[in-house]
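The values are calculated or read from the model by the stated rules, or taken from the named source; none is laboratory data. Predicted, not measured: the structure shown is a model, and the values here were computed from it. Note: ideal-geometry Cβ built from the backbone for every residue, glycine included; neighbour counts use all protein chains shown.
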């Protein structure tokens, strides 16, 4: 089936304490997008973190560095100013997810404390506001160790699986598939970014046409330490 | 703008020597998809490799292991049967990209020798057959060191950029963006996989609605050794 990625435009600047589901629902209305059952609403974590007050106003360089160390459960690699760290959620990313770009006044935006829970809260309220069943994905932009460039990945999920486990299922030739745990929600996050653009500030997009049900968590995407060959 | 991901269905089994652009063009026709200028045609490497004869018929386990070692320029990590290796292209992936799933009789499919060139050849012939200007992306499915599950990434490109470099551009607040080299073609690869499915054998999809021009190469995505902290 054809999959559509639809930007939700007109989302205003979000501030601590703002009611994000209401803001997103208004964005659907002002964009002329009528939500459908099984739509997946993808939200960049920045507006989630800001609504949740996970913002430090305009830190100095030293305070920013201290913030990164505070958010890091463990530092995986360090080179000059670059810190690759594991967060309390288990994610491994640059600067423990503390971000300074795209923020007025250079405020630092931290990751939500529990992004799966953030996704769930948005989903419950947005389903009520829009009158449909939804999936919600909260995203961040991560680098990759061996590939240049950054891509969006899922850090919070509600109402859909994190991984499609096709292992043990016969493929089109009847052969049992070997390595087929697909990180579908990361593919959804990456796809949504295509419609968001980076300088346009479109923090919400809808991925439509996938028939996914399940109750995954983004923390399911964290590779357990015993399987991790690169720490 | 809305981005569409359209599967091209009805692509038959591909064999060495097959004329892949003609097969893909026929797939557009049988799927009822009318190509448009700037469509991006995403092709899983398996049918590219097969058309190019990069297949080893039904190797024994020992021969398969030898094939992996032969395709590896360098082994990055090894644990039991799992080999993470760098290919001659520079990509770092499991089993040096030698794949055995989804193949009749358990044949092993190697990566194309020069996937950027493969993409270019497909593009030139497909543009002529369909009468439009296209981008072409050849994909493979890679794991990630710290995140569970596999995702599709680009291993060959023609007619579009690998990376969108937004560094130094002001964002919506007029602030200069810090880290904004977006691996857009990997996001395209991941998005296309959403419409392909894994057990359905849909090896071609169209990503429509992006306005990308450029002449990137997938090898541009390989992080130079001097920047690589995880080797």
Next on the checklist: One residue is enough: does the range B:100-108 have a residue meeting the conditions at pLDDT 95 or above, under 17 Å from the mean Cα position of the chain (by Cα) and either more than 7 Å from every other protein chain (Cβ to nearest Cβ) or assigned to a loop (DSSP other than H, G, I, E, B) (or both)?
Outcome noted: no
Next on the checklist: Checking the conditions here, which among A:43, A:34 is surrounded by fewer than 18 Cβ atoms within 10 Å (Cβ to Cβ), in the same structural domain as residue A:138 (by TED's automatic domain parsing), modelled with pLDDT of 95 or more and under 18 Å from residue A:192 (Cα atoms)?
Outcome noted: A:34
Next on the checklist: Against the definition (more than 8 Å from chain A (Cβ to nearest Cβ), surrounded by fewer than 20 Cβ atoms within 10 Å (Cβ to Cβ) and under 14 Å from the mean Cα position of the chain (by Cα)), how does residue B:117 come out, yes or no?
Outcome noted: yes
Next on the checklist: Within the range A:97-105, does at least one residue satisfy the condition of being under 21 Å from residue B:144 (Cβ atoms) and assigned by TED's automatic domain parsing to the domain that holds residue A:211?
Outcome noted: no
Checklist entry - Which condition number does residue B:131 fail, the rest of (1) out of contact with any strand residue (DSSP E or B) (no Cβ under 9 Å at 6 or more places or on another chain); (2) within 23 Å of residue B:224 (Cα to Cα); (3) assigned by TED's automatic domain parsing to the domain that holds residue B:202 being met? => result (2)
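Rundown of residues vs (1) within 20 Å of the chain's Cα centre (by Cα); (2) away from every other protein chain (no Cβ under 12 Å), yes/no style:
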residue	(1), (2)
B:75	no, no
B:91	yes, no
B:96	yes, yes
B:113	yes, yes
Item to check | Search result, residues across the range B:10-24 that are crowded, with 20+ Cβ neighbours inside 10 Å and either within 11 Å of chain A (Cβ to nearest Cβ) or under 20 Å from residue B:208 (Cα atoms) (or both) | outcome: B:11, B:21, B:24
Next on the checklist: I'm told residue B:168 meets every condition in (1) at positive phi; (2) modelled with pLDDT of 95 or more except one. Can you identify the failing condition by its number?
Outcome noted: (2)
Checklist entry - Which members of the range A:207-230 meet the condition of being buried (at least 18 other Cβ atoms within 10 Å of the Cβ) and either more than 10 Å from chain B (Cβ to nearest Cβ) or under 13 Å from the mean Cα position of the chain (by Cα) (or both)? => result A:216, A:217, A:218, A:221
Checklist entry - Out of curiosity, is residue A:49 farther than 27 Å from residue B:195 by Cβ, touching a residue at least 24 places away in the same chain (Cβ under 8 Å), surrounded by 22 or more Cβ atoms within 10 Å (Cβ to Cβ) and out of contact with any helix residue (DSSP H, G or I) (no Cβ under 8 Å at 6 or more places or on another chain)? => result yes
Next on the checklist: I'd like the full set of residues that are in contact with a strand residue (DSSP E or B) (Cβ under 8 Å, 6 or more places away or on another chain) and within 17 Å of residue A:194 (Cβ to Cβ), limited to the range A:7-31.
Outcome noted: A:7, A:8, A:31
Checklist outcome for this item: Counting only residues that are in contact (Cβ under 8 Å) with a residue 12 or more places away in the chain, assigned to a loop (DSSP other than H, G, I, E, B) and within 10 Å of chain B (Cβ to nearest Cβ), the range A:145-160 contains a total of 1
Item to check | Residues satisfying the stated conditions in the range A:217-231, i.e. modelled with pLDDT under 95 and part of a loop (DSSP other than H, G, I, E, B) | outcome: A:223, A:224, A:228, A:229, A:230, A:231
Next on the checklist: Looking at B:194, B:212 in this structure, which one is outside any strand (DSSP E or B), touching a helix residue (DSSP H, G or I) at 6+ places or on another chain (Cβ under 6 Å) and modelled with pLDDT of 90 or more?
Outcome noted: B:194
Checklist entry - So, of the residues in the range A:176-186 that are within 7 Å of another protein chain (Cβ to nearest Cβ) and either at pLDDT below 85 or not in a loop (DSSP other than H, G, I, E, B) (or both), which turns out to be surrounded by the fewest Cβ atoms within 10 Å (Cβ to Cβ)? => result A:178
